[in-house]
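Colleague: Have a look at the structure that comes next, please.
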Amino acid sequence: LRKSSALRSTTEPYIAYGSTEELFRACRAQCSYTIPSAHLSPPQPPPENAAGEHIGVGAGWWFDARAVDGLALPVTFSSWAQVMFAHLYCLTARLRAFPAEHAGIWHQQLIDHFFFAAEEQMAVEHQMVSRAVRNRYLKDLWQQWRGILLAYDEGLIKGDAVLAAAVWRNMFKADLNADVADVAKVTAYIRSQLKALEKLSDEEITQGLVKFQSPRE
């Protein structure tokens, strides 16, 4: 075992819960959105795009307009989830470097934070009052996450062309009109964050001392 007390402690699940909450906050800080109509009294139906997705008001490079050098992704739940998945993937890749008997605990706690946040987003911003409906969406998200792991892993092994294809299929929904330069930016960003996380010690990771760089940098 490594020397980190967090990895050797009998209270590891509790430590992992708190530390992975900090790690997830680092992911969530990259982009956020609200649906203002959901906060009116009484709440009003949200605007929708052509695909029937609710449109919100977003913040962060991923949602910022091109006029301010943003990526200008549609401000939807789907886009938010894909941005979270990209950052969660980077952290998951780093957590795999933990001893095998510890990696699973930390990964599970991290992904649990995402699903708690996703359900909250559904309930608060999208006014999904039915738990059954939310559960169906969460099951679909789980399948998407499993697909992300496989697709991005393949990209890491086979090279940037394969990773870029995975980014295009997932974050850009295989849109034939997607800007190739945008796909390249996201691909390079994922690579850079993976390298940055590799440089952090286990102690820094277990303390939640992670800050993702801005894609603008």
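The values are calculated or read from the model by the stated rules, or taken from the named source; none is laboratory data. Predicted, not measured: the structure shown is a model, and the values here were computed from it. Cβ sites come from the backbone with ideal geometry, for glycine too, and all protein chains shown count toward neighbours.
Colleague: Yes or no: Glu22 at pLDDT 95 or above, more than 26 Å from Lys173 (Cα to Cα) and part of a helix (DSSP H, G or I)? If you could, list the steps in order and put the result at the bottom.
Modeller: Working: at pLDDT 95 or above: yes; more than 26 Å from Lys173 (Cα to Cα): yes; part of a helix (DSSP H, G or I): yes.
For Glu22, the condition - at pLDDT 95 or above, more than 26 Å from Lys173 (Cα to Cα) and part of a helix (DSSP H, G or I) - is met.
Colleague: I've got another one for you. Residues of the stretch 99-125 being touching a strand residue (DSSP E or B) at 6+ places or on another chain (Cβ under 9 Å) and either among the aliphatic types (A, V, I, L, M) or exposed (fewer than 14 other Cβ atoms within 10 Å of the Cβ) (or both), which ones? So that I can check it myself, show each step before the final result.
Modeller: Going residue by residue through the stretch 99-125, those that are touching a strand residue (DSSP E or B) at 6+ places or on another chain (Cβ under 9 Å) are 121, 124-125.
Selection gives Val124 alone.
Colleague: Could you tell me how many of the residues in the stretch 30-67 are under 30 Å from Cys90 (Cβ atoms), touching a His at 6+ places or on another chain (Cβ under 7 Å) and free of Cβ contacts under 8 Å to residues at least 24 places away in the same chain?
Modeller: Pass one, the stretch 30-67, residues under 30 Å from Cys90 (Cβ atoms): 30-35, 49, 51, 53-67.
Checking the rest, the ones that are also touching a His at 6+ places or on another chain (Cβ under 7 Å) come to 30, 35, 54.
Subset that is free of Cβ contacts under 8 Å to residues at least 24 places away in the same chain: none.
Residues that pass the stated criteria total 0.
Colleague: Working carefully through the options Arg66, Arg96, Arg136, Arg146, find the one that is surrounded by fewer than 15 Cβ atoms within 10 Å (Cβ to Cβ), over 18 Å from the mean Cα position of the chain (by Cα) and at pLDDT 95 or above. Step through it out loud before you land on a result.
Modeller: Details: Arg66 fails: at pLDDT 95 or above; Arg96 fails: over 18 Å from the mean Cα position of the chain (by Cα); Arg146 fails: over 18 Å from the mean Cα position of the chain (by Cα).
Result of the check over Arg66, Arg96, Arg136, Arg146: Arg136.
Colleague: I need the full set of residues from the stretch 9-63 which are over 27 Å from Arg216 (Cβ atoms), hydroxyl-bearing (Ser, Thr, Tyr) and surrounded by 15 or more Cβ atoms within 10 Å (Cβ to Cβ), in order please.
Modeller: The answer is Tyr17, Ser19, Ser37.
Colleague: Among the helices (runs of 4 or more DSSP H) confined wholly to the stretch 100-214, which include 1 or more residues that are small (Gly, Ala, Ser)?
Modeller: Values: elements: 100-124, 131-158, 160-170, 180-198, 202-206.
Filter on the stretch 100-214 gives 100-124, 131-158, 160-170, 180-198.
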